[in-house]
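Since every read-out is calculated from the coordinates, none of them should be taken as a lab result. It should be emphasised that the depicted structure is a prediction, and the values quoted were computed from it without experimental measurement. Cβ atoms come from the backbone with ideal geometry, glycine included; neighbour counts cover every protein chain shown.
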Amino acid sequence: MRGVRLLPSASRPAQAWKNGGGVTREVARQDDGAGDILWRVSIADVREAGPFSHFPGIDRVLAVLEGRLLLDFGGGTAPVLVTPEIAAHAFPGDVPVSGTPDGGPVTDL
């Protein structure tokens, strides 16, 4: 695929989240040529509860590699628990969601 960058583990710098609750390391990504992300695969370390970044036009699929993560979409709906034993959870990137580690730090994909 054209324009796809695969990033070996040694070259995956940690990108701190704006809310300070964790870091993300990109594994692979493809941009549109103007620098906007078409898609990416990343691994995140979630240390504390907080809102997810807003990504309009991007669909998200979140799988937990280690730990337990509660996803809260608000609006009176029950939080969704994602663990390594549970299938990945898909949701739009422009939907407000907060994540809360349940019982300790979380690593997600």
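I want to verify a result. In a Gaussian network model of the chain, Cα cutoff 10 Å, which of these has the top mean-square fluctuation: Gly33, Gly67, Gly57? Answer for the Gaussian network model of the chain: Gly33. Comparing mean-square fluctuations of Ala14, Ala63, Ala78 from a GNM of the chain with C-alpha springs under 10 Å, the top value falls on Ala78. Considering the chain as a Gaussian network with a 10 Å cut-off on Cα pairs, which listed residue, Asp36, Asp94, Asp72, attains the greatest mean-square fluctuation? Maximum fluctuation in the GNM of the chain, among the listed residues, is at Asp36.
Given 20 °C and 1.002 mPa s, how large is the Stokes-Einstein diffusion coefficient of the chain in µm²/s, with Rh as the Kirkwood radius over Cα pairs? All intermediate terms of the calculation are to be shown ahead of the outcome.
On the way: Rh = 14.6 Å.
The Stokes-Einstein estimate is 147 µm²/s.
Between Val23 and Phe55, the simple label model (points 7 Å from Cα in the Cβ direction) yields a spacing of 1.9 nm.
Magnitude of the charge dipole for the chain, about its Cα centre and with charges confined to Cβ atoms of Lys, Arg (+1) and Asp, Glu (-1), is about 320 debye. For region 12-28, the Karplus equation 6.51 cos²θ - 1.76 cosθ + 1.60, evaluated at θ = phi - 60°, returns couplings of 9, x, 6, 10, 5, 6, 4, 8, x, x, x, 9, 10, 10, 6, 9, 7 Hz by residue, with Gly and Pro reported as x.
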